[in-house]
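Quick notes on the structure that follows.
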Amino acid sequence: MNPTWQSLIQGLKDKDVRSMAKLITRVENREPGWANAMADIYPRAGSARIFGITGSPGAGKSSLTCEISRELSSRGYSIGIIAVDPSSPFSGGALLGDRLRMQALFTMKDVYIRSMATRGMLGGLCQAARDAARILDAFGKDIVIIETVGVGQDEIEIVRAADRVMLVLVPGQGDGIQAIKAGVMEIADIYVVNKADKPGADEVAADIMGMLSLSEWEKDALPPVMQASALTRQGIGGLVDTLLDGPSDSRDIRVKEEMRVTEEILSMLEREVFRQVRGDLVQNGWLVRAVKQVMGRSADPYTVVRKLLQDRADGAFTIHMEHGNGTEE
Ligand SMILES: Nc1nc2c(ncn2[C@@H]2O[C@H](COP(=O)(O)OP(=O)(O)OP(=O)(O)O)[C@@H](O)[C@H]2O)c(=O)[nH]1
Ligand SMILES: [Mg+2]
């Protein structure tokens, strides 16, 4: 029998890992009742710290996540990892050495790893990551790390949901910095030159610092640029110290939180309203009629959409947020 939402949430309270994992899956799949379940879970979350780790493919994000988690775990923190990345060693397809290292993490107590596909998330990738982080948080994880490739807009959105964002760069990545400049640069709180066991790390670090000094950051508030090696574990302790150090300016924290909450509400609204409007219009036959009219040249897309919005403003159809009642089996 499929467990009820209630029993899964009870499982979450009881720190049952399987219930927690099932909750993530069912919320991810937007099974009826998901929003009520999340509303139940929401007040239990809020104490975990969410770290985002991003950077170009192969920069060593997973390796760093692994070493950072190991370090955090040795300091007594419990950790949840969300790997938004199909090619992640966490989900297979990695070199043997990497896989062995990751496997050590898999067997560590207090570390839970969840891979997330970049496609097919009904509520959107970013919301799926937020929801999963929240469930891990409510489960009692002290720290949730979200690993994502920092290339697409979706991925950038994801790390914006984190409290602290770490951007991973590597030596010999001159044009990589150029690419990153376009979007991710502004949102990183910590810059890490990984693979510092290779030559060229000082140069990249200097490049980043040069770029930061030209940006709008105030000179005394420049984000740290650090060097590390996931291979030799050089710099990992310092990195963890910096991550945990967190932002101290409470006004800054508030502004960021306000931005995050606003973004979450608006993006959820956008998706849900559209999903329901589309559902209604398919069901009541409006869409088929409109397509016919346009194809028969008795109307054009501009007019049918404008007319629909007009009718809506007149109350001819209404949007109703459907949340499910959360009690179904
Ligand atoms: N020399 C050296 N190699 C490293 C270091 N960190 C990671 N690597 C190697 O770089 C490769 C990519 O590492 P990953 O951790 O998979 O990188 P990633 O950024 O997660 O990659 P994607 O998730 O595929 O984008 C692997 O072969 C690692 O062994 C490091 O500090 N030094
Ligand atoms: Mg990876």
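Do we have GLN293 as more than 23 Å from VAL165 (Cα to Cα) and either away from ligand 1 (no atom under 16 Å from the Cβ) or modelled with pLDDT of 95 or more (or both) here?
Details: more than 23 Å from VAL165 (Cα to Cα): yes; either away from ligand 1 (no atom under 16 Å from the Cβ) or modelled with pLDDT of 95 or more (or both): yes.
It is true that GLN293 is more than 23 Å from VAL165 (Cα to Cα) and either away from ligand 1 (no atom under 16 Å from the Cβ) or modelled with pLDDT of 95 or more (or both).
Identify the residue in segment 34-64 that is modelled with pLDDT of 90 or more and of a type in the set (Val, Ile, Thr) and, among all such residues, is surrounded by the fewest Cβ atoms within 10 Å (Cβ to Cβ). My answer is ILE41.
Residue-by-condition table, conditions (1) at pLDDT 90 or above; (2) of a type in the set (A, V, I, L, M); (3) in a helix (DSSP H, G or I):
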{"site": "SER213", "(1), (2), (3)": "no, no, yes"}
{"site": "GLN234", "(1), (2), (3)": "yes, no, no"}
{"site": "ASP252", "(1), (2), (3)": "no, no, yes"}
{"site": "GLY279", "(1), (2), (3)": "yes, no, yes"}
{"site": "ASP311", "(1), (2), (3)": "no, no, yes"}
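With respect to ALA290, is the statement that it is surrounded by 11 or more Cβ atoms within 10 Å (Cβ to Cβ) and outside any helix (DSSP H, G or I) true? No: the conditions fail for ALA290.
Just checking, which of GLU67, GLU31 is acidic (Asp, Glu), over 16 Å from the mean Cα position of the chain (by Cα), within 16 Å of ligand 2 (Cβ to nearest atom) and at pLDDT 90 or above?
Numbers: GLU31 fails: within 16 Å of ligand 2 (Cβ to nearest atom).
Only one candidate passes the filter, namely GLU67.
Count, please, the residues in segment 35-64 that happen to be within 16 Å of ligand 2 (Cβ to nearest atom), on the phi < 0 side of the Ramachandran plot and of a type outside the set (D, E, K, R).
Within segment 35-64, residues that are within 16 Å of ligand 2 (Cβ to nearest atom), on the phi < 0 side of the Ramachandran plot and of a type outside the set (D, E, K, R) number 10.
When you check LEU96 against the structure, is it assigned by TED's automatic domain parsing to the domain that holds GLY235, modelled with pLDDT under 90 and more than 13 Å from ligand 2 (Cβ to nearest atom), yes or no? Taking the combined requirement at face value, the residue satisfies it.
The values are calculated or read from the model by the stated rules, or taken from the named source; none is laboratory data. Predicted, not measured: the structure shown is a model, and the values here were computed from it. Methodologically, a virtual Cβ is constructed for each residue, glycine included, from the backbone with ideal geometry; neighbour enumeration extends over all protein chains shown.
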